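A short worksheet on the structure shown next.
Read-outs throughout are calculated quantities, based only on the coordinates presented, and are distinct from any laboratory measurement. All figures in this text were calculated on a predicted structure; none of them were measured in a lab. Glycine also receives a Cβ, built like all others from the backbone with ideal geometry; neighbour counts cover every protein chain displayed.
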Amino acid sequence: MKIGIDTFASAGGRSGIGVYLLELLKRVPRTEELQFELFGWDFDRYVYSETVRRSDFISRCRFNGRTANTLWHLLRYEKLVLERGYNGCFFPAAHRTIPRNSPCPSIGTIHDMAAYWGTRKTRESLGLIRMILPNSLRHLDHIIAVSEFVKHELVDLIRIKESKITVIPNGVDHSVYYPRPRNEESVILIQPFSFRRPYILYASRIDHPVKNHIKLIEAFGIFKERTRHPHRLVLAGADSNRAERVKKAAFYSKHRNDIFFTGHFPSTSLPELYAGADFMVFPSKYEGFGLGILEAMASGVPVACARAASLPEVAEHAALYFDPDDAEEIADRMVSLSDRELARSLRQKGIERAAAFTWDDCAKKTFTVIEEICS
């Protein structure tokens, strides 16, 4: 049985979806009965060379961009399936890249429904998405949702039958994200930066308003005024939609000298950045899963996060919660996390909660679904 894996819309392994795909590929079943072949952008060939053989990657579509991506899936996908003799296809980013029809069984993972809600779209494109996305998703033979929250959105918004959806949570690489010894040095070197401690961390792309950086900056100011603590606020993530508004808010903050933007942060250094933080605040208004809070918990970092979307489902009792629209309440939780006893308790709860999520478990369940649907 030969299965094609679509690598389009995975950002060359640099996004959360890219991490998801890379972690799955590390755990691809190696059997004679089950073969996997990747297809995607020409320049993605080398991204996955450490996890699969280069001969297992089929380059398609020389042009980058969403329009080229969409056109290729509409006009060329079916031809590829027939040429390569696929018995099934897996779409790791089915909420972003999916053909309208497939000549073989198709399985797609849905990480969120942000595009449907229009968090980053104009009214015109939102209307188009609401016309196209539901039918495209209904054509999938089976859907993997990364959380119960996403499953409920699929059922309520798109009217997908529950029997067609399997919930398989993402995982954490515990060999990379784990509690590290905390020294008392005031400055730590994490390539390519040096960070002055203590600092509060938010690791997420700069995407306004969904990631809610501006409200966090406001809350940080309140926290500083109340406590006079020396903490800095580290915002680690690449610029995305309306990032200039977030940076403008930071510039006009009274505490702008204590707000630090890293830009795109190297994934290889991210575990050290987590481990060096006093605590993490995750104010995002919408997350299909919220991998960042699990990575922080696995690193032994106390977490406060928004009472929104999938975050309570993922963190459960191991985090403090707040209304993402209430800067005062966010600041309250930041003050609470300054208490060493509470922080120590949350640190232990977070480690225990994160231990329930592994990529081995995610990959095993995912490939079992793929094999069952394509058989």
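For the reader, a short list of remarks on this structure follows.
- Longest stretch of the chain clear of exposed loop sites (chymotrypsin sites (Phe, Trp or Tyr not before Pro), DSSP loop, at most 12 other Cβ atoms within 10 Å, sites excluded): 64-251.
- Only one residue of A315, L235, Q348 has its Cα farthest out toward the positive end of the dipole of region 187-354, where Lys and Arg carry +1 and Asp and Glu -1 on Cβ, and that residue is L235.
- Cβ charges +1 (Lys, Arg) and -1 (Asp, Glu), total dipole of region 187-354, debye: 540
- Take the Cα of H174, step 7 Å toward its Cβ, do the same at V155, and the gap between the two points is 3.0 nm.
- Considering all different alpha carbon pairs of region 297-375, the Kirkwood hydrodynamic radius works out to 14.3 Å.
- Placing unit charges on the Cβ atoms only, positive for Lys and Arg and negative for Asp and Glu, gives region 182-234 a dipole magnitude near 80 debye about its Cα centre.
- For region 76-109 versus region 164-218, the gap between their alpha-carbon centres in whole angstrom: 34
- Computed 3J(HN,Hα) for region 300-317, one whole-Hz value per residue from the Karplus formula 6.51 cos²θ - 1.76 cosθ + 1.60 where θ = phi - 60°, is x, 10, x, 10, 10, 9, 5, 7, 8, 6, 8, 4, x, 5, 6, 7, 6, 7, glycine and proline marked x.
- Tilt relative to the chain, helix 327-337 - C-alpha long axis, 0 to 90 degrees, to 10: 80
- Exposed GluC sites (Glu not before Pro) absent: longest stretch of the chain, with sites in DSSP loops and at most 14 other Cβ within 10 Å deemed exposed: 186-375
- Projecting label points 7 angstrom from Cα along Cα→Cβ for E341 and S186 puts them 3.0 nm apart.
- Each Lys and Arg contributes +1 and each Asp and Glu -1, all at the Cβ; summed about the Cα centre of the chain, the dipole is approximately 1000 debye.
- Computed [θ] at 222 nm, deg cm²/dmol, the chain (DSSP H ≥ 4; -39,500 (n - 2.57); rounded to nearest 500): -11000 deg cm²/dmol
- Once the chain from R196 to F251 is taken as fully extended at 0.36 nm per residue, the excess over their C-alpha distance is 17.9 nm.
- Residues whose amide H lies under 5 Å from that of D325, counting only those 5 or more places away or on a different chain, are absent; hydrogens are built 1.01 Å from N in the peptide plane.
- For K161, the lysines whose Cα falls under 25 Å of its own Cα, not counting residues fewer than eight places away in the same chain, are K151, K364, K365.
- In the chain, a dipole from Cβ-located charges (positive for Lys and Arg, negative for Asp and Glu) runs towards its positive end, and of A306, F261, L21 it is F261 whose Cα lies farthest in that direction.
- For the chain, the relative contact order works out to 16 percent when only alpha carbon pairs closer than 8 Å and six or more residues apart are counted.
- Using a simple spin-label model with pseudo-atoms 7 Å out from Cα toward Cβ, D326 and F43 lie 4.5 nm apart.
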